[in-house]
Amino acid sequence: MVCNFNCIYCQVDRSGPAEKGTDLFSAEPKINLSPFLQHICHELKETLDLVKTGRISSLSPFDRIPAELRHLSDIAISGDGEPTTSPYFYEVVEEVLRIKGNFPIVLITNASGLNRPKVQHAIDLMYQHNGEVWAKLDAGSDAYYREVSRTNVPLQDIVRNLILTAQRHPIIIQSCFNNIDGITPPPDEIERYSLLLKEISESGGKIRLVQIYTVARPPAESYVTPLAEKELTLIAKKVEEITDIPTEIYG
Ligand code: SF4
């Protein structure tokens, strides 16, 4: 899957020329949708069958998961790119909802496509079927956002899209903070980031939770390293000081 961001902490190497900074939303559909949808639906049905019957526990690598962790929390629409760049996003969501039964469904997104009418439509459908949006916000200032996300999508568009979506449905914000060249996120950056969260709330947007995390897998850039738990805690404290939104940290 492609992405219109090129985050310095992404676990996928996005240095190839085809994706970098491209405006993917104007891309013309290039595939015949029907076989593609049939394929993913078949795979999803098979996987859900394995889960429902418990047969998945006998297969590698799931057989190595401790018994108390063997459950399916949700079906995430995510992949290794930005799902809303797909011209087929609505159709895929519709099909997944048809198959998924009672399992929750989560859209993990960089928020850049949330203003598209068809995407909003798909999100409305998701929320009618135990769905939720988990959207990225990794900065407070334009300069830091550009350094981290390396995209030509303006930060103000991201904030606008978060407001638009959170006004319709409660969302979760996911924020990844790291050391960059050994330097922790500057305090004024964290303050500006917290103020953006406040702006979303004060615009009538409902943020159910802010998840603050750091890199856990090898990132695209070697100069990106994980924050210590105490640094993540400081960021969470600042968010809770400036907003009334609950936070969780993942170190
Ligand atoms: S938005 Fe997600 S998939 Fe895209 S580059 Fe950033 S971390 Fe990677």
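Here are the criteria: (1) closer than 23 Å to residue 48 by Cα; (2) open to solvent by 60 Å² or more (accessible area, probe 1.4 Å); (3) more than 16 Å from the ligand (Cβ to nearest atom). Tell me which single one residue 80 does not satisfy.
If we test residue 80 against (1) closer than 23 Å to residue 48 by Cα; (2) open to solvent by 60 Å² or more (accessible area, probe 1.4 Å); (3) more than 16 Å from the ligand (Cβ to nearest atom), just (3) comes out false.
Restricting the search to the range 35-72, which residues are part of a helix (DSSP H, G or I) and open to solvent by less than 60 Å² (accessible area, probe 1.4 Å)?
Correct list: 37, 40, 41, 44, 48, 50, 51, 56, 57.
Answer yes if at least one residue in the range 52-70 is under 23 Å from the mean Cα position of the chain (by Cα) and either within 16 Å of the ligand (Cβ to nearest atom) or under 23 Å from residue 133 (Cβ atoms) (or both), and no otherwise.
Checked against the condition, which is being under 23 Å from the mean Cα position of the chain (by Cα) and either within 16 Å of the ligand (Cβ to nearest atom) or under 23 Å from residue 133 (Cβ atoms) (or both), the range 52-70 yields no hits at all.
Filter the range 149-188 for residues that are in contact with a Gly (Cβ under 6 Å, 6 or more places away or on another chain) and open to solvent by 10 Å² or more (accessible area, probe 1.4 Å); which is farthest from the ligand (Cβ to nearest atom)?
For the range 149-188, the residue satisfying everything is 167.
Can you confirm whether the range 239-248 contains a residue that is open to solvent by 40 Å² or more (accessible area, probe 1.4 Å) and either of a type in the set (Ser, Thr, Tyr) or in contact with a helix residue (DSSP H, G or I) (Cβ under 7 Å, 6 or more places away or on another chain) (or both)?
Looking only at the range 239-248, we keep the residues that are open to solvent by 40 Å² or more (accessible area, probe 1.4 Å), and these are 240-241, 244, 246, 248.
Filter once more, so that each one left must be either of a type in the set (Ser, Thr, Tyr) or in contact with a helix residue (DSSP H, G or I) (Cβ under 7 Å, 6 or more places away or on another chain) (or both): none.
For the range 239-248, residues open to solvent by 40 Å² or more (accessible area, probe 1.4 Å) and either of a type in the set (Ser, Thr, Tyr) or in contact with a helix residue (DSSP H, G or I) (Cβ under 7 Å, 6 or more places away or on another chain) (or both): absent.
Given the criteria over 24 Å from residue 231 (Cβ atoms) and hydroxyl-bearing (Ser, Thr, Tyr), does residue 141 qualify?
no
In the range 189-200, how many residues are surrounded by fewer than 17 Cβ atoms within 10 Å (Cβ to Cβ) and either more than 18 Å from residue 157 (Cβ to Cβ) or without any contact (Cβ under 8 Å) to a residue 12 or more places away in the chain (or both)?
2
Which of the residues that make up the range 227-238 are in contact (Cβ under 8 Å) with a residue 40 or more places away in the chain and open to solvent by less than 90 Å² (accessible area, probe 1.4 Å)?
Scanning the range 227-238 gives 227, 231, 232, 235, 238.
To keep it simple, each residue is scored yes or no on (1) of a type outside the set (Val, Ile, Thr); (2) in a helix (DSSP H, G or I); (3) touching a Cys at 6+ places or on another chain (Cβ under 7 Å); (4) under 20 Å from residue 4 (Cβ atoms).
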{"site": "102", "(1), (2), (3), (4)": "yes, no, no, no"}
{"site": "113", "(1), (2), (3), (4)": "yes, no, no, yes"}
{"site": "123", "(1), (2), (3), (4)": "no, yes, no, yes"}
{"site": "127", "(1), (2), (3), (4)": "yes, yes, no, no"}
{"site": "138", "(1), (2), (3), (4)": "yes, no, yes, yes"}
{"site": "145", "(1), (2), (3), (4)": "yes, yes, no, yes"}
{"site": "158", "(1), (2), (3), (4)": "no, yes, no, yes"}
{"site": "161", "(1), (2), (3), (4)": "yes, yes, no, yes"}
{"site": "165", "(1), (2), (3), (4)": "no, yes, no, yes"}
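Let me spell it out: the conditions are (1) surrounded by 17 or more Cβ atoms within 10 Å (Cβ to Cβ); (2) touching a helix residue (DSSP H, G or I) at 6+ places or on another chain (Cβ under 8 Å); (3) at pLDDT 95 or above; (4) not charged (D, E, K, R), and residue 85 meets all of them except one. Which number is the exception?
Here residue 85 meets the rest and fails (3).
If you go through the range 177-191 one residue at a time, do you hit one that is in a helix (DSSP H, G or I) and not charged (D, E, K, R)?
yes
For the range 32-51, which residues satisfy the criterion of being among the charged types (D, E, K, R) and over 24 Å from the mean Cα position of the chain (by Cα)?
Answer for the range 32-51, where residues must be among the charged types (D, E, K, R) and over 24 Å from the mean Cα position of the chain (by Cα): 46, 49.
The values are calculated or read from the model by the stated rules, or taken from the named source; none is laboratory data. Since this is a predicted model, take the numbers as computed values, not measurements. Neighbour counts run over all protein chains shown; Cβ positions are idealised from the backbone, glycine included. Note: accessible area is taken over every heavy atom of the protein model, side chains too, but ligands, DNA and RNA are not part of it. Shrake-Rupley method; radii C 1.70, N 1.55, O 1.52, S 1.80 Å.
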